[in-house]
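Rule-based calculations on the coordinates, nothing more; no lab input. As the structure is a prediction and not an experimental result, all values here were calculated from the model. Cβ placement follows ideal geometry from the backbone for every residue including glycine, while neighbour counts extend to all protein chains displayed.
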Ligand code: PLP
């Protein structure tokens, strides 16, 4: 039902269901018969407070974290601000980081401003093409941080390390995409803009007991405890991004929740990776067992076919298939809202190339 729309495999900023985009657009004109636009209604009005509350509680419902002592915040500054907020709020002496490439690297760089960072494991020596395994976690860490899905290299943790330290995850590119036990984490953060909403808000889900343990003073805007005390409304919230996130979360709930979307995501990934593996013109980048359901990275085995292949997928109405500038090749991002049908179109183009070559 999107004849004019492209098959959007772009890694971001965001891909949302068309129904959500339409409702969000309508709300910008007028929020539910209120006579005011979503972006002009007071964020302290009962209508917006209700939106914020519904969004926060739906996050817990979808993650099956209700009643488990978590707080939900919608902040600003993107996941990039969380790189430093996490360390500001939790790093007293030593923190552990698992380095799976670019985003972990950036988180490590910020954390080093606040204390000692132990790189517990890294897949850097092999171009971040896999998730490190079988490493020891040193004792006495303030926390252990990982990136659940590496958007650029197309690797994804399937199991998570267990240890004594609080576990923190940047889930920017796979939040709400698969069923995992979210309660193994003490703090989860994610820029909204892949699976949840437009850029402009960052989701933080945190167990308050891991906070308040550092000795430094924390500026109010960077202090999780301040945001918790103010129910995520310490300052003017990004109303459009929060409302649109709520609409996406409602869409996900009505679809059957995270388990239902995981089934679709697995179908999409299976379809694409099968083609990558069977078609001799393509080879995957990431180690098979660590392949991401969200971002599939692959290369042409005959680089001279690049021009032909690029022309073919563009002709088929596909958008955003180029790999990240730091790795090249191709990357098909298959976020929650990307229809299976779009993956079918891509796979057809890939097999057409094999026929032609
Ligand atoms: N972490 C991951 C895993 C990402 O994929 C991204 C962006 O794509 C970021 C962090 C940075 O997010 P932001 O642009 O919201 O700061």
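Rounded, prolate or oblate: which fits region 257-356, taking a ≥ b ≥ c as square roots of the Cα gyration tensor eigenvalues, rounded meaning a/c under 1.5, else prolate when a/b beats b/c?
Judged from the Cα gyration tensor, region 257-356 comes out prolate (a/c at least 1.5, a/b above b/c).
Contact order normalised by length for region 18-255, with contacts defined as Cα pairs under 8 Å and 6 or more residues apart; what percent is it?
26
Which order do the peptides 14-27, 32-45 take when ranked by the mean count of other beta-carbon atoms within 10 Å per residue, highest first?
14-27, 32-45
If contacts are Cα pairs under 8 angstrom and at least 6 residues apart, what is the relative contact order of region 257-356 in percent?
33
Evaluate the relative contact order of region 158-241 (contact order divided by residue number), counting alpha-carbon pairs under 8 angstrom at least 6 apart; express in whole percent.
Relative contact order, region 158-241: 21 percent.
Taking Cα centroids, how far is region 173-213 from region 24-73 in Å?
Result: 17 Å between the Cα centres.
Using only alpha carbons, build the gyration tensor for region 138-257 and give me the equivalent ellipsoid semi-axes, biggest first, whole Å.
Equivalent ellipsoid semi-axes, largest first: 24, 22, 12 Å.
Could you order the peptides 206-215, 290-299 from most to least packed, using the average number of other C-beta atoms within 10 Å per residue?
Values: 206-215: 15.1, 290-299: 24.5.
Packing proxy ranking, top to bottom: 290-299, 206-215.
Answer rounded, prolate or oblate for the chain, using the Cα gyration tensor with square roots of eigenvalues a ≥ b ≥ c: rounded when a/c is under 1.5, else prolate when a/b is larger than b/c, else oblate.
Verdict is oblate for the chain.
Quick one: of the DSSP bridges fully inside region 108-205, what percent are antiparallel, nearest 5?
Of those bridges, close to 45 percent are antiparallel.
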